[in-house]
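The values are calculated or read from the model by the stated rules, or taken from the named source; none is laboratory data. Being a predicted model, the structure only gives us computed values, none of them experimental. Neighbour counts are summed over all protein chains in view; Cβ atoms, including those assigned to glycine, are modelled from backbone coordinates with ideal geometry.
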Amino acid sequence: MSKLTNKVAVVTGASKGLGAAIAKALAAEGAAVVVNYASSKAGAEAVVGAITAAGGKAIAVAGDVSKPADATAIMAAAVAAYGKIDVLVNNSGVYDFLPIEAVTEEHFHKHFNVNVLGTLLTTQAALPFMGEGASIINLSSTVTSFHPPGSAVYTASKGAVDAITGVLAKELGPRKIRVNSINPGLVETEGTVTGGHIGSDFERYLVSLTPLGRLGQPEDIASVAVFLASDDARWITGEKIITSGGLR
């Protein structure tokens, strides 16, 4: 039997990048997966197509996690399709590095609305459908300890995700719901390519500081998500799983 047989997982922001890799990995281990997307319907449907072609179960569900009604609708769609929610992966996120002189109110709210408020709203919406043994996995970042220049707002938003993870692990522990975060280093995805990080001096600098000597790949993160979603991690909660090739 696969690790996640009979489990239902919701992965936010799963039309590409880390979310897509995580959705596929969870499905490969037997979970029925809700592939959430905010704007890329074609991307989400491609992920669903890849999962179903491999014999898995998945549906695509639209929704902006920073809007309460959308967060509620995402979870309602998951329950309508599969009857429950066992795993919530809060992957939706935005990032944009700017020097402090360029930070604006819009820049701040873009990050905090999705990265922080979105994490709270989707968790809140999923909880009524989660029972004993459920797992919440928040995607954070090594920036919360590495503090790269130009990332004040992004780092602050991910620091909030780390704090939320710790608080909710204690708050939901009595209900036997586990809450952990995955804190990746720089990972090669569509977003980091279009953002100009891949092939940049910043990438070369980070790789030079990484003991394993390379960028992360989406599958490096997805395998950790599978572990945290599974009963193999039944005694782990409130932890930041730094997944960075040793970058600190």
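Pull out all pairs, ordered by first then second residue, where Cβ-Cβ is under 8 Å, the residues are six or more apart or on different chains, the first lies in the range 12-25 and is under 12 Å from S92 (Cβ atoms), and the second is modelled with pLDDT under 95 and in a helix (DSSP H, G or I).
Correct list of pairs: K16/E190; K16/G191; G17/E190; G17/G191.
Of all residues being free of Cβ contacts under 8 Å to residues at least 60 places away in the same chain and part of a loop (DSSP other than H, G, I, E, B) in the range 26-46, which is nearest to T189 (Cα to Cα)? Just the residue, please.
S40
Could you check the range 216-248 and list, in sequence order, the residues that are among the aliphatic types (A, V, I, L, M), closer than 18 Å to G19 by Cβ and either out of contact with any helix residue (DSSP H, G or I) (no Cβ under 8 Å at 6 or more places or on another chain) or surrounded by fewer than 21 Cβ atoms within 10 Å (Cβ to Cβ) (or both)?
Once the filter is applied, which keeps residues that are among the aliphatic types (A, V, I, L, M), closer than 18 Å to G19 by Cβ and either out of contact with any helix residue (DSSP H, G or I) (no Cβ under 8 Å at 6 or more places or on another chain) or surrounded by fewer than 21 Cβ atoms within 10 Å (Cβ to Cβ) (or both), the range 216-248 yields V224, L228, I241.
Tell me which residues, restricted to the range 151-186, are of a type in the set (A, V, I, L, M, F, W, C) and farther than 23 Å from V87 by Cα.
Passing the criteria: A152, V153, A156, L186.
Could you tell me which numbered condition T189 fails, if it satisfies all but one of (1) touching a His at 6+ places or on another chain (Cβ under 9 Å); (2) buried (at least 20 other Cβ atoms within 10 Å of the Cβ)?
(1)
Which one is nearest to T123 (Cα to Cα) among residues in the range 44-84 that are among the hydroxyl-bearing types (S, T, Y) and crowded, with 20+ Cβ neighbours inside 10 Å?
S66
Would you check which residues across the range 168-212 are free of Cβ contacts under 8 Å to residues at least 24 places away in the same chain and of a type in the set (A, V, I, L, M, F, W, C) and list them?
Passing the criteria: V193, I198, V207.
Please give the number of the condition S2 fails out of (1) surrounded by fewer than 23 Cβ atoms within 10 Å (Cβ to Cβ); (2) modelled with pLDDT of 95 or more.
Only one criterion is unmet by S2, namely (2).
Mind listing just one residue for me: the one in the range 114-169 that is at pLDDT 95 or above and among the aromatic types (F, W, Y) and, of those, surrounded by the most Cβ atoms within 10 Å (Cβ to Cβ)?
Filtering the range 114-169 for residues that are at pLDDT 95 or above and among the aromatic types (F, W, Y), the one surrounded by the most Cβ atoms within 10 Å (Cβ to Cβ) comes out as Y154.
Rundown of residues vs (1) over 21 Å from the mean Cα position of the chain (by Cα); (2) not in a helix (DSSP H, G or I), yes/no style:
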| site | (1), (2) |
| --- | --- |
| Y205 | yes, no |
| P211 | yes, yes |
| A222 | no, no |
| V226 | no, no |
| D232 | no, no |
| I242 | no, yes |
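Among the residues of the range 1-11, what is the count of those that are in contact with a helix residue (DSSP H, G or I) (Cβ under 7 Å, 6 or more places away or on another chain) and without any contact (Cβ under 8 Å) to a residue 60 or more places away in the chain?
Final tally of qualifying residues: 0.
Within the group Y95, Y82, which residue is aromatic (F, W, Y) and over 18 Å from the mean Cα position of the chain (by Cα)? Talk me through it step by step, then tell me what you get.
On the way: Y95 fails: over 18 Å from the mean Cα position of the chain (by Cα).
When all the criteria are applied, what remains is Y82.
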